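The values are calculated or read from the model by the stated rules, or taken from the named source; none is laboratory data. Quick caveat, the model's predicted, so the values are computed rather than measured. Methodologically, a virtual Cβ is constructed for each residue, glycine included, from the backbone with ideal geometry; neighbour enumeration extends over all protein chains shown. Heavy atoms of the whole protein, side chains included, go into the accessibility calculation; ligands, DNA and RNA do not. Shrake-Rupley method; radii C 1.70, N 1.55, O 1.52, S 1.80 Å.
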Amino acid sequence: MAIDPRNYDLDELRSASVGQPAVGSQDEWPAAVDDEEASSEPSEDDGDDPDRPAAAVAFEAAIARDLATLDDGTVERPYLPTLPASLSAEALLFEWVEYLVLQAGRESVADAFDFYERVGWLGSDAAGMLDRYLSGVDDPRANTGNGLDADDHRVSLHYIARLASFSQR
Amino acid sequence: MSEADVESEEDPEHEGADTGGGGDEPTPIGVKLGSTRTVIAIPDGDGLRTVKTLTCLATYEDVITGEEKVLYGDEAATEYPDRVQYTLRSGLPEDESRAELTATFFEEVLEANDVPEDSAVVYAIPTIDNERGLANLESVIEGSSIGEALIRSYPESLCGSVPAMGEGLEAVDDIFVTVNLGSTNLEASAYRRGEQLIPFTTGAVTGNEVDRMIANYVEEETQGRVNIDNTTAREYKEIHADFVDFEPFTDVIQQPGGGSHEFTIERSVMDAVDEYVDDAVEEIANAFLPELANDYIKVYQLALDRPIVLTGGMTCIPGLVEEFEKRLSEELQRDVEATAPASPAESAAVGAQRIAERLVDAEAY
């Protein structure tokens, strides 16, 4: 239906918009990466604490579900020794770095990469390369007053697991 | 004919706009055909003029010519309360008869306000899963005299968020959650660079339901002495509801047997809107956001660290945005921020007009 608001032309809308996405264009967000979150059914795991907000429970359950899918029992620290060489992985890397920058600004993200290296999520090669990516990403909408919290680190682990899965292919 | 409310305002985004459709480019226009109010945003010099009118009409016979005449908007509601028809009561025209009435209403508004035919029109439309209603609305839109150059539609929640997020189309480049607190629906969506994610709609928490609750509570508060209709209840809500500085108010009704009765309302209005905010927060915290968190981990996390954009008529109640923010933060056990456009009732049409303007600039017609 021509006027169905659910079927608007996204490309036309984005073209009409003057502002530019901070990281590349939509073409750099391939469907394979973009649909990573395309969902399975909501988790039945409602957590142990009935007073916990439903959205927080759903968020953690979704991450746990995805990590379980990516964890084949053979992983070793550092989980991501080097960055995978793959075009799809490049897009995923930018998406991750952009996410962190939007959440807390570049300075906090640099600290986070150091932290991930210390706890064995990143190898030194991967951490060094990520710092170089970080120097190329900025966004005026970044919440520079924010710090990265535990949920943000969970999201980072999610990205690391997905990037590591590229290395195993 | 009726005269709708027409306001003009400076629009910093709008430069050298065509005011009458007489130039080379079509005039970019934004339209929201709402269940309670219809708003049309039209370029006017360096700014916009907005036409606002109740989405209703009444017909009467001219006593001299015998011709059937049409009144719309506030005049229709005030002068013919017994026969006025709200043509989009459920958000979309439910049947062909409603579609015809809506078409008549819309043409009357367009004609009375000189809305140019050579135009590119963007409609802000609620995301309701109602194929028949959408087909009926499509017939109204396609049959209208405007939009000769281009017709597009976008979700009302996206259009309404545009003025809240900047002076241009920043909303199309951003990641955020928006909640439209409308008369007939509560809609929530996340947007990721213009892409709508997890559109959520419920008809259980609505401005119309608040009106019904106010009418019931007024009857209770006056020990059954006062019965008001939903239109009066809506007026009480629009005039008196205030989370910041509510003051009890008095009104007078005429008794059926003669005489009048004066009464004071202390609780009925605020009890109803207070319950409404609780219900809205409950829907967002426990239905919409868990679904978003489950399906879009990063969008959920990013969006909650940014202001949630509230739009729709209920957002006009003073202090409602802050109250929603406080209660949602408590429910989620984390601090969230809420924001609203400066003129929530007009924001969908104004946002639609900005999109139309950019489509004209991009020569999308």
Count - residues of segment B:292-308 that are in contact (Cβ under 8 Å) with a residue 60 or more places away in the chain, within 22 Å of residue B:202 (Cα to Cα) and within 7 Å of chain A (Cβ to nearest Cβ):
3
Note on segment B:224-244: residues part of a loop (DSSP other than H, G, I, E, B) and modelled with pLDDT of 95 or more are B:241, B:242, B:243, B:244
Take residue A:32 and tell me if it is surrounded by 10 or more Cβ atoms within 10 Å (Cβ to Cβ) and modelled with pLDDT under 80.
yes
Tell me, which helices (runs of 4 or more DSSP H) lie completely within segment B:32-151 with 2 or more residues that are without any contact (Cβ under 8 Å) to a residue 12 or more places away in the chain?
B:96-112, B:131-143
Would a scan of segment B:173-196 turn up a residue that is in a helix (DSSP H, G or I) and either modelled with pLDDT under 95 or open to solvent by 50 Å² or more (accessible area, probe 1.4 Å) (or both)?
yes
Please verify whether segment B:66-80 includes one or more residues that are away from chain A (no Cβ under 14 Å), open to solvent by 30 Å² or more (accessible area, probe 1.4 Å) and touching a Leu at 6+ places or on another chain (Cβ under 6 Å).
yes
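Each row is one residue, and each column tells you yes or no for (1) closer than 30 Å to residue B:321 by Cα; (2) surrounded by fewer than 24 Cβ atoms within 10 Å (Cβ to Cβ); (3) in contact with a Pro (Cβ under 7 Å, 6 or more places away or on another chain).
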residue: B:137; (1), (2), (3): no, no, yes
residue: B:140; (1), (2), (3): no, no, yes
residue: B:143; (1), (2), (3): no, yes, no
residue: B:149; (1), (2), (3): no, yes, yes
residue: B:153; (1), (2), (3): yes, no, yes
residue: B:157; (1), (2), (3): yes, no, no
residue: B:163; (1), (2), (3): yes, no, yes
residue: B:167; (1), (2), (3): yes, yes, yes
Here is a list of conditions, (1) open to solvent by 10 Å² or more (accessible area, probe 1.4 Å); (2) out of contact with any strand residue (DSSP E or B) (no Cβ under 9 Å at 6 or more places or on another chain), and residue B:301 meets all of them except one; can you say which number that is?
(1)
